[in-house]
Amino acid sequence: MTTRSTEDAVRLLIVGPPGAGKGTQATRVSEAYGVPAVSTGDIFRANIKNETELGLKVKAIIESGDLVPDTLTNELVADRLGHGDAKSGFLLDGYPRTVEQVEYLTALLKAQGTAIDAVIQLEVDTDEVVARLRQRAIEQGRSDDTEDAIRHRQDVYARETAPVLEIYEARGLVVKVDGLGSVDEVTSRIEAGLAEKGI
Ligand code: B4P
């Protein structure tokens with residue numbers, strides 16, 4: 001893995017509907033660019049597993065397919081990005097997911113004199129993401145991959161997260177990537193899209 005200095009730090013987001021492959025690609029892209037992948041979903045799931053105070057608060061929300069309240073999520077991200085390894089950049093997976101989270105993140109980074117460099121938008125149609133999540137339900141048994149929660153999460157994405165992409169689009173930061181095909185093919189498209197932006 002490449003190691004980065006704070007001068008050549010790269011700050012990336014990966015956004016897409018639930019099941020688009022954000023987590024899958026975040027691991028690979030973070031290794032390729034030498035930055036930590038920070039997944040809000042993974043942090044919440046670890047807290048639920050360890051039955052922490054945060055985990056107990058968010059368990060039912062996540063299982064229903066709703067979003068965790070912005071205040072809790074924002075605090076968690078601010079804390080994580082304060083760790084030393086995030087000083088030389090990061091790849092945020094699954095955050096921001098609401099307009100309020102975008103505003104919070106923008107202000108947080110601005111206070112540090114930094115900003116997001118690019119937003120990877122994984123494009124996968126609803127039929128395909130639903131099929132992937134049904135498969136994950138069989139293979140991993142994740143408690144938020146029930147039929148009702150899968151459908152509900154797609155609705156929440158369309159309502160709450162699609163406007164997030166409009167904001168970053170207006171800022172000229174979005175790299176649109178076709179998320180269909182093999183995992184390797186998608187990774188190659190992401191790397192090519194970032195290279196076009198000089199990243
Ligand atoms: P996440 O953990 O972000 O869950 P996700 O959207 O389902 O995952 P992802 O898109 O990463 O899918 P994956 O790579 O696994 O969020 C879970 C919950 O946490 C949310 O519903 C919410 O309640 C809460 N939460 C998280 N962030 C929040 C925030 N900012 N604000 C509020 N609440 C928040 O891929 C899916 C499947 O597809 C896998 O099985 C994978 O193997 C497969 N796959 C991947 N790439 C593939 C490919 N190219 N072809 C075929 N299959 C592929």
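Connecting C-alpha atoms closer than 10 Å in a GNM of the chain, tell me which of P163, P96, P18 has the biggest fluctuation.
For the chain, modelled as a Gaussian network with Cα springs under 10 Å, the answer is P163.
Compute the FRET efficiency between L56 and A158 as 1/(1 + (r/R0)^6), taking r as their Cβ-Cβ distance and R0 = 30 Å, and round to the nearest 0.05.
With R0 = 30 Å, the Cβ-Cβ based efficiency is 0.55.
Specify whether the C-alpha gyration tensor of the range 1-124 places it in the rounded, prolate or oblate class, a ≥ b ≥ c being the square roots of the eigenvalues: rounded for a/c under 1.5, otherwise prolate if a/b is larger than b/c and oblate if not.
Since a/c reaches 1.5 and a/b is larger than b/c, the shape of the range 1-124 is classed as prolate.
Tell me what the chain gives for mean residue ellipticity at 222 nm when only DSSP H runs of n ≥ 4 count, each as -39,500 (n - 2.57), the sum divided by the residue total, rounded to 500 deg cm²/dmol.
-16500 deg cm²/dmol
Between R142 and E191, take the C-beta separation as r, use R0 = 22 Å, and let me know the FRET efficiency to the nearest 0.05.
Computed FRET efficiency for R142 and E191 comes out at 0.20.
Counting only complete DSSP H runs, which helices of the chain cover 15 Å or more along their long axis at the Cα atoms and score a mean Kyte-Doolittle of -0.5 or above?
Helix filter hits for the chain: 53-64, 70-81, 99-111, 183-196.
Under 10 Å, Cα contacts only: if you run a Gaussian network model on the chain, which one of G65, G181, G94 comes out with the highest mean-square fluctuation?
Ranking G65, G181, G94 by mean-square fluctuation puts G181 first.
For the residue pair S182 and E63, what label-to-label distance in nm results when each label sits 7 Å from Cα along the Cα-to-beta-carbon direction?
3.9
What is the set of long-range amide H partners of I120 at a cut-off below 5 Å, with H atoms built 1.01 Å from backbone N?
It is L13, I14, V15, V175, by chain and number.
Positive end of the charge dipole of the chain (Lys, Arg +1 and Asp, Glu -1 on Cβ, about the Cα centre): tell me which of P36, L92, V177 has its Cα farthest that way.
Most positive-ward Cα: P36.
Of T27, A149, I14, whose Cα points farthest to the positive end of the dipole of the chain (charges on the beta-carbon: +1 Lys, Arg; -1 Asp, Glu; origin at the Cα centre)?
T27
All of the numbers you see were taken from the coordinates with simple rules; none came from a lab. Given the structure is predicted, the values throughout are model-derived calculations rather than measurements. Cβ atoms come from the backbone with ideal geometry, glycine included; neighbour counts cover every protein chain shown.
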